[in-house]
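See below for the structure under consideration.
Derivation of every value follows stated rules applied to the coordinates shown; laboratory data play no part. Bear in mind the structure is a predicted one, so any value in this text is a computation, not a measurement. Heads up, the Cβs are rebuilt from the backbone with ideal geometry, glycines too, and the neighbour counts pull from every protein chain shown.
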Amino acid sequence: MIDSEKVNRYRRSYYPMFIDGEWVDAADGNRYTVYNPATGEPLAEVARAGRADIDRALQAARLAFEHGKWRHFSVLRRARVLNRIAEIMRERFDELVELEILNTGKTLFAAQGQIMQAIEDFEFYAGAIVGHRGHVNNMPSGFFNYTQREPVGVCAQIVPWNYPLMMAAWKIAPAIAAGCSVVVKPATLTPVTALVLAEIATEAGVPKGVVNVVPGSGRDVGDYLVTHPEVDKIAFTGSTPVGRHIMELASRSLKKVTLELGGKSPSLIFDDADLDAAVDGSVFGIFYNTGQSCEARSRIYVQRSVYDAFMARFVEKAKKLKLGNPFDPETHVGAVISREQVDVIDGYVRSALEDGAQAVLGGGEVRVPGFEGGYWYAPTILVDVHHGMKAVQEEIFGPVVTVMPFDTEDEAVALANDTMYGLAAAVWTKDGARAKRMADRIRAGIVLVNTPFSAFPGMPFGGTKQSGFGRELGIEALDLYTEVKSVLMYYGTKPLNPFKL
Ligand code: NDP
């Protein structure tokens, strides 16, 4: 349970921006209110960044990068600071969990797991950076070539609302481990925990200017941030259309880009699977985090011979899901992030039903006693769908899953690959050879075999096709926050005179 006394020590009614190691107001004094989506009640006021604040944050980041000490610290010293960030996060665990729940409406179970993973990200990259190094390459006699990894510079990191702190950690931890400076733009709806994380990083010993957090609307300041001459690299997590737009803008000045975009991840359940595990894993795979996950397994395909057995148990288990007080450890499904997102979800469901789909569970908004002012959607299972439907092809980002039967492995692969996305895919089978064949044939950045879980620190996470490119969470992220410098030296005794002058 949450230790309220400890939490109240830290709570603020107003969260300014965090720039150059300090809490600061927006230059024009702008503020806005963030809400608790479970109740619809205001949570706090937050400073709203304008262009002048983006300039200020980027200047601080640039100064810290060019003239500061951070990137010149030994990797062991940087690693110590990352570990100290993790330690302080552990001390302030309850506060971070509570704030994340209040700002997103997610459940205690989900928030605790995600904050713990954010902590472990810092611990992982503290270790990983120590072993991240260059190479010595074989050269002609008299020549010596080595490579070294250097930080890419100032990074703009744009974070979505579905995992506000965890996504911020996925981005900040590898970037600062590599020696970069960052300006983080959290989602307008959920900026609070990323701001607290910046404060924690400073307390842990990250020099001022290295980690800056500027809440501001993507529509108003997003383009300005992305095209800013002080930005060397952009790391973005969010929707595919905004990802495309950012890449277009970034191409004009050749900024490096990492894009973690939408998904429509399939789950393939074969007739030899442990059906109970497949059912439990599939319930979790879609309804965890209220379906607001880029890797939510939102399309289920079941081999025809076990389809009826699977469906009976799947619907029965999903009926047991409890919606309600997000702080109750027994609650499985939390609120949807906003009124707008409820409307988006409902639009997909209505359109599928009009096209002939059946909702065997849910299919609409739901009233949760005690939380009438909040945004809630019933866990929804759609059957009798066809593959061209929007609900099967597009990312819904809510607690909605479609289920279809298949007959053969070839058909399963074809269905799994038949969307523009390629983020994750789950395979449920006891046949190891089949699991390997599926892992080889499915076009996705992540294949999950017999597991509901999809992300651990150390495991590269990212997509193919329109789900983006680049990897986070794994050691590969360090490659993306560093550049290779190649140094060629001549050590022969005879001076070189290639023109023979
Ligand atoms: P967006 O892609 O619009 O937002 C993600 C982040 O990008 C937010 O911080 C947002 O800021 C910012 N942003 C928006 N426009 C720009 C821009 N022009 N330049 C720079 N940054 C920008 O997602 P939404 O929040 O609108 O959600 C819409 C849909 O996107 C969801 O229904 C879901 O399908 C998908 N999505 C996917 C996510 C994933 O994990 N892959 C995460 C979130 C959403 P601001 O909050 O101020 O708008």
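Tabulated data for the structure shown
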| item | result |
| --- | --- |
| The stretch 159-201 residues near the modelled Phe73 label - backbone nitrogen below 20 Å, point 7 Å along Cα→Cβ | 168-184, 194-201 |
| Rotationally averaged projected area of the stretch 396-442 (alpha carbon convex hull; nm²) | 4.0 |
| Alpha carbon convex hull of the stretch 207-322, volume per residue in cubic angstrom | 175 |
| Integer Hz, Karplus 6.51/-1.76/1.60 couplings in order for the stretch 14-29, x for Gly and Pro | 9, 10, x, 7, 10, 10, 6, x, 9, 6, 9, 6, 5, 4, 9, x |
| Ratio Rg/Rh, restricted to the chain and using Cα atoms, in which Rh is the Kirkwood radius | 1.01 |
| Greater than 18 Å apart at Cα, pairs in Lys106/Lys465; Lys317/Lys430; Lys69/Lys208; Lys264/Lys465 | Lys106/Lys465; Lys317/Lys430 |
| Share antiparallel - DSSP beta bridges, the stretch 369-501, percent rounded to 5 | 25 |
| Dipole-positive endmost among Pro369, Thr482, Ile269 within the chain (Cβ charges, Cα centre) | Thr482 |
| Label-to-label distance, nm, for residues given as Asp431 and Asn145 (7 Å Cα→Cβ offset) | 4.7 |
| Helix 108-130 vs. the chain, principal-axis angle (Cα, 0 to 90°, nearest 10) | 30 |
| For the chain, calculated [θ]222 nm from helices alone, where every DSSP H run of n ≥ 4 adds -39500 (n - 2.57) | -12000 deg cm²/dmol |
| Longest segment of the chain lacking chymotrypsin sites (Phe, Trp or Tyr not before Pro) that sit in a DSSP loop with at most 13 other Cβ atoms within 10 Å | 1-452 |
| Around Ser282: net Lys/Arg minus Asp/Glu count, Cβ-Cβ under 9 Å | +1 |
| Percent of beta bridges antiparallel (DSSP, the chain, rounded to nearest 5) | 40 |
| Shape call, the stretch 135-188: gyration tensor on alpha carbons, a/c limit 1.5 | prolate |
| Unit Cα scatterers, Debye sum, the stretch 426-466: log10 I(q)/I(0) for q = 0.18, 0.23, 0.24, 0.27 Å⁻¹ | -0.54, -0.83, -0.88, -1.02 |
| Long-range amide H partners of Leu448 with built H, under 5 Å | Ala425, Ala426, Val427 |
| Rg over Rh [alpha-carbon atoms, Kirkwood Rh] for the stretch 1-149 | 1.10 |
| Semi-axis lengths, Å, the stretch 245-296, gyration tensor of Cα atoms, sqrt of 5 times eigenvalues | 37, 12, 7 |
| Surrounding net charge for Arg299, when Lys and Arg each add one and Asp and Glu each subtract one, Cβ distance under 13 Å | -1 |
| Euclidean distance of C-alpha centroids, the stretch 13-29 and the stretch 162-185, integer Å | 19 |
| For the stretch 346-501: span of alpha carbons on each principal axis (Å, largest first) | 85, 45, 30 |
| Exposed GluC sites (Glu not before Pro) absent: longest stretch of the chain, with sites in DSSP loops and at most 13 other Cβ within 10 Å deemed exposed | 1-329 |
